[in-house]
Amino acid sequence: QVRLAVPVAVVFAPGSVPGDLPRPLPFRDVEEMEISVNVRTSVTSQYEMVYRGTTAQEEAALDAATAREADAALHPLQDSSLGSLTVYVVPETSSLLPQGISVYVGKHRSALVRAGGGLAALRMRLRQLTQVMSFTASSIASVLSDRVPDGQLGPDTRRHLKSSLGYEITFSLLNPDPKSHAVHWDIEDAVNRYVQPVLDKLSLVANFSVDSQILYYAVLGVTPRFDKESSSFLLSAHSLPHVINPVEARLGSSAASLYPVLNFLLYVPERSHSPLYIQDKDGAPVNTNAFHSPRWGGIMVYNVEAPASPQASLPLHVDVDMVRVMEVFLAQLRLLFGLSREELPPEFLLESPGNEGLADWELDRLLWAHTMENIATVSTTLTSLAQLLDKIGNIVIKDDVASEVYQAVASAQNAVAELAVGHLHLAFQASKKAVTSSERAFFDPSLLHLLYFPDDQKFAIYIPLFLPMAVPILLSLAKIVRETRQRKKEPTKMD
């Protein structure tokens, strides 16, 4: 039984207070919603609303020319704790929001809402906002997918990566035809400029390591089809899954990795298969000329322009446009972490997160999901461990294993308690601790079930060893018994 508490501050600017408020400002209100997972697991979302008026500083910030400037000015004035939301209600006539836009979601943990329609309309907007900025029933169901009946899951449920303490990101340049193309990519500068700000933001969630490699003579393993009309080669959607296995055999990054590996591949087609384009299921060309594989990574095809004169010397020098490549890889990275933007009502406007790659509230969404997933993982791991120990009666549990189990249970209970009071950061840290302890206990070498045999297996092992030794002993015993019986039957001799 898990309760997710979200602290929401609803701040009314002068001239935006609805006339049908139940009580004078400030006051508190609580809204609850049940998220059904299965018979044994239930999640309750609890939105703790605090309705109040603006302070003098907030009023001054709301006098900004644009919503973006207002969002930047309001950021230092609001509650910046993870998981909290602040909604500023501005008058209906306010020029902060563009025409036709009634809700503006900033890149921090606040939003601007245009007043109008009374308290019922405001509450409906707030419900939509909390679904966008915190979590939805589908996002909770997707992280608890192991417990949800199959028919109730959406198609994208298993697209995102499972929660982990760390991730390894590998950027690979595949050049199958180095005799024709001398490809140069400034991957170090591109990672520092575009990827590192995103990873710095995600450092709360997990540890990241980044590496890169160039693979020569590495082919896709699927022969593209030549299209006479466009004089190009095409890779159809149904052949894309067959691309990954031959390529992955050459990568070699996941063999020695403790953590999940995200692979981002840039493929420069060989001269005999250029230009190469990817088609979607409808046969239309994909704009980015890239595709991604759930929980694995993504591949982008980078075509090289043919030389103007056929006598051009080979190999051609190719400088990769890293801006275009990194745009695609960052979009795929967001998809892998479940940060894809959902369909929003037309009156919603979302601010771009800029260089950081993700907004503060998107980080919170990720933390909500990973905290819930960690708690579910601990529960499953400890249940499996208990079932294992029940099956093997003579198993020896060391004190350090027992203490890890106690630590895992205590940390998981602590995480659930922190979620119930709205402390997302503390809950996430406790859930990570619980996962670490439960994994240590489960994979402890002393609990390896192969060390403990059922009794019937012991008999099967030891009888062939002891039977040859037992045969002469048993024959001797039988002989002694026979002799004893004969001696008793014979009459005793009298002198």
Exercise. So is Thr380 surrounded by fewer than 17 Cβ atoms within 10 Å (Cβ to Cβ), touching a residue at least 60 places away in the same chain (Cβ under 8 Å), of a type in the set (Val, Ile, Thr) and under 30 Å from Tyr47 (Cα atoms) or not?
Worked result: yes
Problem set entry | Search result, residues across the range 64-91 that are closer than 20 Å to Lys107 by Cβ, part of a loop (DSSP other than H, G, I, E, B) and not β-branched (Val, Ile, Thr) | Ala64, Ala65, Gln78, Asp79, Ser80, Ser81, Leu82, Gly83, Ser84
Exercise. Just to be sure, is Asp319 in contact with a Ser or Thr (Cβ under 9 Å, 6 or more places away or on another chain) and in contact (Cβ under 8 Å) with a residue 24 or more places away in the chain?
Worked result: no
Problem set entry | the range 253-277 - residue that is at pLDDT 80 or above and of a type in the set (S, T, N, Q) and, of those, farthest from Thr288 (Cα to Cα) | Ser272
Problem set entry | Residue list for the range 256-284, restricted to those being free of Cβ contacts under 8 Å to residues at least 12 places away in the same chain and either outside the structural domain of Leu316 (by the TED database) or over 23 Å from the mean Cα position of the chain (by Cα) (or both) | Asp282, Ala284
Exercise. With (1) in contact with a Gly (Cβ under 9 Å, 6 or more places away or on another chain); (2) open to solvent by 50 Å² or more (accessible area, probe 1.4 Å); (3) β-branched (Val, Ile, Thr) as the list, and Val243 as the residue in question, which single condition is left unmet?
Worked result: (2)
Exercise. Taking the range 7-28, which residues are more than 18 Å from Ala111 (Cβ to Cβ) and not aromatic (Phe, Trp, Tyr)?
Worked result: Pro14, Gly15, Gly19, Asp20, Leu21, Pro22, Arg23, Pro24, Leu25, Pro26, Arg28
Exercise. Any idea which residue in the range 181-219 is most open to solvent (accessible area, probe 1.4 Å), counting only those that are within 19 Å of Leu265 (Cβ to Cβ) and assigned to a loop (DSSP other than H, G, I, E, B)?
Worked result: Tyr217
For this session: From Val30, Val37, Val50, grab the single residue that is in the same structural domain as Ala120 (by the TED database) and touching a residue at least 60 places away in the same chain (Cβ under 8 Å).
Result: Val37
Exercise. Assuming Gln387 fulfils every condition listed in (1) more than 30 Å from Asn207 (Cβ to Cβ); (2) in contact with a Phe, Trp or Tyr (Cβ under 8 Å, 6 or more places away or on another chain); (3) polar (S, T, N, Q) apart from one, which condition is it?
Worked result: (2)
Problem set entry | Test: Ala115 is buried (at least 21 other Cβ atoms within 10 Å of the Cβ), in contact (Cβ under 8 Å) with a residue 60 or more places away in the chain and assigned by the TED database to the domain that holds Ala13 | yes
Seminar exercise, completed: Counted residues in the range 387-433 being open to solvent by 50 Å² or more (accessible area, probe 1.4 Å) and either free of Cβ contacts under 8 Å to residues at least 60 places away in the same chain or not in a helix (DSSP H, G or I) (or both) come to 23
Exercise. Only one of (1) free of Cβ contacts under 8 Å to residues at least 24 places away in the same chain; (2) under 27 Å from the mean Cα position of the chain (by Cα) fails for Ala137. Which number is that?
Worked result: (1)
For this session: State which residue pairs qualify: first residue closer than 16 Å to Val328 by Cα and inside the range 290-307, second residue in a strand (DSSP E or B) and open to solvent by 40 Å² or more (accessible area, probe 1.4 Å) in any location, beta carbons under 9 Å apart, and separation of 6 or more residues or different chains.
Result: Gly298/His292; Ile299/His292; Val301/Tyr277; Asn303/Tyr277
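Table: residues versus (1) closer than 30 Å to Pro260 by Cβ; (2) modelled with pLDDT of 85 or more.
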position: Asp282; (1), (2): no, no
position: Asn287; (1), (2): yes, yes
position: Tyr302; (1), (2): yes, yes
position: Pro307; (1), (2): no, no
position: Leu314; (1), (2): no, no
position: Glu327; (1), (2): yes, yes
position: Leu333; (1), (2): yes, yes
position: Phe337; (1), (2): yes, yes
position: Glu342; (1), (2): yes, no
Seminar exercise, completed: The number of residues in the range 223-236 that are touching a strand residue (DSSP E or B) at 6+ places or on another chain (Cβ under 6 Å) and surrounded by fewer than 16 Cβ atoms within 10 Å (Cβ to Cβ) is 4
For this session: Kindly indicate whether Ser340 is farther than 26 Å from Asp227 by Cβ, open to solvent by 70 Å² or more (accessible area, probe 1.4 Å) and either aliphatic (A, V, I, L, M) or in a loop (DSSP other than H, G, I, E, B) (or both).
Result: no
Problem set entry | Within the range 1-35, tally of residues that are open to solvent by 70 Å² or more (accessible area, probe 1.4 Å) and not in a strand (DSSP E or B) | 10
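The values are calculated or read from the model by the stated rules, or taken from the named source; none is laboratory data. This structure is a prediction, so every number in the text was calculated from the model and none was measured. Positions of Cβ are backbone-derived with ideal geometry, glycine not excepted, and every protein chain shown enters the neighbour counts. Heavy atoms of the whole protein, side chains included, go into the accessibility calculation; ligands, DNA and RNA do not. Shrake-Rupley method; radii C 1.70, N 1.55, O 1.52, S 1.80 Å.
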